[in-house]
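Take a look at the structure below.
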Amino acid sequence: MPTASAAASRWTADQANTWYRQQGWLVGANYITATSSNQLEMWQAGTYDPRRINGELQVAREIGLNTVRVFLHDQLWAQDRANFLRRVAQFVGIASSHGIKPLFVLFDSCWDPHPRLGPQRAPTKGVHNSRWVQGPGAELIDKPEYQPVLRDYVTGVIGAFRTDSRVLGWDLWNEPDNPAPQYSDVERSDKSEVVGKLLPQVFEWARSVNPAQPLTSGVWRGSFRVPSGIAATQLDNSDIITFHSYAAPEGFEARIDELAPLGRPILCTEYLAREDASTVEDILPIAKRRGVGAYNWGLVAGRTQTYYPWDSWDDPYDAVPEQWMHDLIHPDGRAFRVSEIQTIQKLAGGA
């Protein structure tokens, strides 16, 4: 654990590994309530649903999960920071009551670059994740007068929980170099350059409050062994190493091999694409054997519609596919595939 003298410094590998040994094997899911289509809908006052969160996280714990990865949004902070923080604190309490530690994601470069507060549009029928939004949005990401809001959001949220052992860590930016190809007609042409400049500042802001939890940002494409650009920034600044892989078992383990020489704890914060042979039964045993934490995409099937595959953006589906792409359970708690739940319970039980 970092000491006060280590403020504003990246954890050493020894500090990171000491922290990791205290956690036990981490197995989780990316989580959003079944009734929410995106981060705004999950957290806004009118649609935030602590009762549903309690029920869904109870099922998560029964499955064997001990952590969830959860996305926040800067506009929620800008709108009403006090009540937003109150809801996040309530979420932390609910999760803790079920023995689950959240890994919070602060920014995200995926999907719609023009988020709007207020009632969210209904999901597009038959399309994967049709209402997910980026944060910061394209209009605000480099707006000079909004920079203090972004800084205060990072330091304010992390600062509120900086010594809270119920919080696992801080995933500062999800796929910062994702070009959001589904929105290429409305995406900023200079997004990569703008994000590349902002990401190191975000790490600095987060580090300035000296949290007892680790900071990270997950690499997801290109070479992990010889990273460049934004990926290099991510790996050079992260206390613990996180990555995404929707590859089959051989590709998944190859990614671990690329990252292992860094000598730091490794978490895969996104996996599970059944049609691409990224399955719970095949991936999770590898993660356990290699001492790598793992979060599949999607706990509860719902308004994100991530049971549809990515190609539904090009050709919307008329019906829910027999084989879901993501997600573990139906909204009523029934398993999509019982063998997956059995695999998780078996591996988690032997953690």
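Since every read-out is calculated from the coordinates, none of them should be taken as a lab result. The shown structure was predicted, so the numbers you read here are calculated from the model rather than taken from an experiment. Virtual Cβ from ideal backbone geometry, glycine too; neighbours counted across all protein chains shown.
For R188, work out the one condition from (1) over 26 Å from V149 (Cβ atoms); (2) outside any strand (DSSP E or B) it doesn't fulfil.
So the condition that R188 fails would be (1).
Taking I329 as meeting all but one of (1) buried (at least 21 other Cβ atoms within 10 Å of the Cβ); (2) of a type in the set (V, I, T); (3) more than 25 Å from R51 (Cα to Cα), write down the number of the exception.
If we test I329 against (1) buried (at least 21 other Cβ atoms within 10 Å of the Cβ); (2) of a type in the set (V, I, T); (3) more than 25 Å from R51 (Cα to Cα), just (3) comes out false.
Out of Q234, Q213, Q305, which single residue is surrounded by 19 or more Cβ atoms within 10 Å (Cβ to Cβ) and within 30 Å of K125 (Cβ to Cβ)?
Details: Q234 fails: within 30 Å of K125 (Cβ to Cβ); Q213 fails: within 30 Å of K125 (Cβ to Cβ).
Checking each option against the conditions leaves just Q305.
Restricting attention to the stretch 241-265, report how many residues are crowded, with 23+ Cβ neighbours inside 10 Å and of a type in the set (V, I, T).
2
Take the residues of the stretch 146-174 that are over 17 Å from V133 (Cβ atoms) and acidic (D, E): which is nearest to the chain's Cα centre (by Cα)?
D164
Can you say whether Y295 is outside any helix (DSSP H, G or I), closer than 28 Å to V320 by Cβ and touching a residue at least 60 places away in the same chain (Cβ under 8 Å), as far as the supplied structure shows?
yes
When you go through R274, R334 one by one, which is the residue that is touching a residue at least 24 places away in the same chain (Cβ under 8 Å) and either touching a Cys at 6+ places or on another chain (Cβ under 6 Å) or closer than 30 Å to A122 by Cβ (or both)? Reasoning before the result, please.
On the way: R334 fails: touching a residue at least 24 places away in the same chain (Cβ under 8 Å).
Every option except R274 fails the conditions.
Suppose we keep only residues that are surrounded by fewer than 17 Cβ atoms within 10 Å (Cβ to Cβ) and not charged (D, E, K, R) within the stretch 56-79. Which one would you say is farthest from G349 (Cα to Cα)?
Going through the qualifying residues, I end up with Q79.
Yes/no per residue for (1) touching a strand residue (DSSP E or B) at 6+ places or on another chain (Cβ under 9 Å); (2) outside any helix (DSSP H, G or I):
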residue	(1), (2)
L267	yes, yes
L284	yes, no
D318	no, yes
D327	yes, yes
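Give the residue that is farthest from L168 (Cα to Cα), with candidates limited to residues of the stretch 80-114 that are buried (at least 17 other Cβ atoms within 10 Å of the Cβ) and acidic (D, E).
If we take residues in the stretch 80-114 being buried (at least 17 other Cβ atoms within 10 Å of the Cβ) and acidic (D, E), then D112 is farthest from L168 (Cα to Cα).
Any idea which of V157, V167 is assigned to a loop (DSSP other than H, G, I, E, B) and buried (at least 22 other Cβ atoms within 10 Å of the Cβ)?
Values: V157 fails: assigned to a loop (DSSP other than H, G, I, E, B).
After applying the criteria, what remains is V167.
Give me the pairs: first residue in the stretch 214-228 and under 20 Å from E253 (Cβ atoms), second residue part of a loop (DSSP other than H, G, I, E, B) and polar (S, T, N, Q), beta-carbon distance under 7 Å, and six or more apart or on different chains, which are they?
Nothing qualifies.
Among the residues of the stretch 247-284, how many are of a type in the set (S, T, N, Q) and farther than 15 Å from W324 by Cβ?
Initially, the stretch 247-284 is screened for residues of a type in the set (S, T, N, Q), giving 269, 278-279.
Next, from what is left, pick out any that are farther than 15 Å from W324 by Cβ: 269.
The total comes to 1.
Name the single residue, out of those in the stretch 216-231 being part of a loop (DSSP other than H, G, I, E, B) and not small (G, A, S), that is surrounded by the fewest Cβ atoms within 10 Å (Cβ to Cβ). I'd like the intermediate steps shown before the answer.
The first filter runs over the stretch 216-231 and keeps only residues part of a loop (DSSP other than H, G, I, E, B), leaving 217-218, 220-228.
Okay, now just the ones that are also not small (G, A, S), so 220-221, 224-227.
On the way: W220: 21, R221: 12, F224: 23, R225: 12, V226: 9, P227: 17.
Among those that are part of a loop (DSSP other than H, G, I, E, B) and not small (G, A, S), it is V226.
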